[in-house]
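Comments concern the structure below.
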Amino acid sequence: DMDTALPAMATGQSYILRVINSNSGTATVVTNTGWTTSGTLTVATNTWRDFLIVDGGTATYTITSVGTGTNS
């Protein structure tokens, strides 16, 4: 799905994804086949979490939790 959504992304390229949770419960980031995860994938209510996404080649990606903070 990511290869289709970001066709110009090359192997080794990366970007930061920020997920903000303003709902009443904890959110969980889920991945699909071909993903390697590292760190916490949950986002508590009224917080944000940054993730580093790295393209590892055709249909392979790594997602790593790299920071969190409060959303006020």
Distance from a point 7 Å along Cα→Cβ of Asn46 to each backbone N in segment 1-36: keep the residues under 16 Å and list them by number. 20-27
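Considering only the other residues whose Cβ falls under 15 Å of the Cβ of Ile53, what net charge follows from Lys and Arg at +1 and Asp and Glu at -1?
-2
Among bridges DSSP assigns within segment 22-72, what percent are antiparallel (round to 5)? Let's see the in-between values first.
On the way: 12 of 16 bridges.
Bridges in segment 22-72 that DSSP calls antiparallel: roughly 75 percent.
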Given a 10 angstrom Cα cut-off, can you work out which residue in Thr58, Thr45, Thr37 is the most mobile in a GNM of the chain? Thr58
Counting only protein heavy atoms and using a 1.4 Å probe, what share of the accessible area of the chain belongs to carbon plus sulfur, as a whole percent? 51
Relative contact order of the chain (C-alpha contacts under 8 Å, at least 6 apart) in percent is 36
Leaving out ligands and nucleic acids, and using a 1.4 Å probe, what accessible area per residue does the chain come to in Å²? 62
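The values are calculated or read from the model by the stated rules, or taken from the named source; none is laboratory data. In this text the structure is predicted, and so the values were computed from the model without any measurement. Positions of Cβ are backbone-derived with ideal geometry, glycine not excepted, and every protein chain shown enters the neighbour counts. Heavy atoms of the whole protein, side chains included, go into the accessibility calculation; ligands, DNA and RNA do not. Shrake-Rupley method; radii C 1.70, N 1.55, O 1.52, S 1.80 Å.
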